[in-house]
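Asks: Below are the structure tokens for one structure; questions will follow.
The values are calculated or read from the model by the stated rules, or taken from the named source; none is laboratory data. It should be emphasised that the depicted structure is a prediction, and the values quoted were computed from it without experimental measurement. So basically every Cβ, Gly included, is an ideal-geometry build from the backbone, and we count neighbours across all protein chains shown. Only protein heavy atoms, including side chains, enter the accessible area calculation; ligands, DNA and RNA are left aside. Shrake-Rupley method; radii C 1.70, N 1.55, O 1.52, S 1.80 Å.
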Amino acid sequence: MAEQILDQIRDVAEGQIDFEGQKLAELIANVALSVVGAIAFLVGYLLQDIKLAVLIGLGGTALTFLVAIPAWPFYNRNPVKWLPVGGGPQPLPNLVVNEKSVQR
Amino acid sequence: MYSSIVRAQNSFGFFTTVVFVVASLIAVSDLLTPRAPAVGTLKTTNVQVVRGRPHYYSSKKEEYAVIKFSLDADLSSLFTWNTKQVFVYVTAEWPATPAVTGTPSNTTLNQAVIWDTIITAPSADHLANIGPAALKKLQKSAAGKSIDPSRGKLSIKNQRPKYQITHPSGKIAETDNVVLKLHYNVQPWVGLLTWNQDVDIGLWKQLKGGLSKKFSLPAIKKKADAKV
């Protein structure tokens, strides 16, 4: 029982996501951080307020981290389909060597 | 990007890149803001030379010039969103005379600061080195403003110098061709320090005025004279 809970906690902390999710997380992080930086500079320059620029930059970065770092469910929509453990009754693939079928 | 730690590291790494780029843009944006500082008046109001000691236990006596002055200057265009503070200082300058002992032969001009002040931008008021009451007053003076160009308008009458100046030789009385010069140093939040310039650089105009008329330092006030 305790082991199960520990495993769950470890899974959440590790936050593993699938390959498509990794691609998506990287894209979200890079685009969002760039956009936040651009908005921070433009707002700061137009309103001539450097404190506001810093606040927008740090706030936007915190939000981006919140979206990009935890293993949200939408990062696990394309899980890898592993073969079953132990092989099971798998049809043997036809091996072809020198254009001849190899019988096993 | 497969685990939380790797995603945190990657995201933070790119965040530092974004910070660097935005900071560079902020620094460059200074060049787009015109600067046209000008000095209305800079003149001496009272010049004295007295004898004194460099410190309390010194047996050496030196001559010190006490130069009171009046200043009217408009440095408001130096205040942009990236200005943290402006350091303003007045120097007395006079040509070196090689005959005077203690003057290094490669020195052609003597310069000594007689007065300075720090003007903070509202974004840096909390850094000002003043008491709590004065700080409250300072912050109130620019409440709701991110920049306050009126801070750059200086109007000072008959100001006592902060520093009484002397010369390495200890002799400064009866010096001729002394001028007062106003300098400033803009300290930005990010970017390069810039000083007053003698030529126009892009939108940054040179400091207009900023030099007083030439004057001479008087002879030492003698105690005997005062008694007579």
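Asks: Scan the range B:51-75 residue by residue and report those that are touching a strand residue (DSSP E or B) at 6+ places or on another chain (Cβ under 6 Å) and of a type in the set (Ser, Thr, Tyr).
Replies: B:Tyr64, B:Ser70, listed by residue number.
Asks: Under the condition of being assigned to a helix (DSSP H, G or I) and open to solvent by 70 Å² or more (accessible area, probe 1.4 Å), which residue from the range A:14-34 is nearest to B:Gly13 (Cα to Cα)?
Replies: A:Glu26
Asks: From the set of residues in the range B:3-13 that are surrounded by fewer than 17 Cβ atoms within 10 Å (Cβ to Cβ) and at the interface with chain A (Cβ under 7 Å from one of its Cβ atoms), which is farthest from A:Ala38 (Cα to Cα)?
Replies: B:Ser3
Asks: Can you go through A:Gly44, A:Gly37, A:Gly59 and tell me which one is over 18 Å from the mean Cα position of the chain (by Cα), more than 10 Å from every other protein chain (Cβ to nearest Cβ), small (Gly, Ala, Ser) and part of a helix (DSSP H, G or I)?
Replies: Residue meeting the stated conditions: A:Gly59.
Asks: Go through the range A:1-34 residue by residue and tally those that are farther than 30 Å from B:Ala121 by Cα and either within 8 Å of another protein chain (Cβ to nearest Cβ) or not hydrophobic (A, V, I, L, M, F, W, C) (or both).
Replies: Count: 20.
Asks: Next up: Identify the single condition in (1) modelled with pLDDT of 95 or more; (2) surrounded by fewer than 13 Cβ atoms within 10 Å (Cβ to Cβ) that B:Gln187 does not satisfy, given that it satisfies every other one.
Replies: Failed condition: (2).
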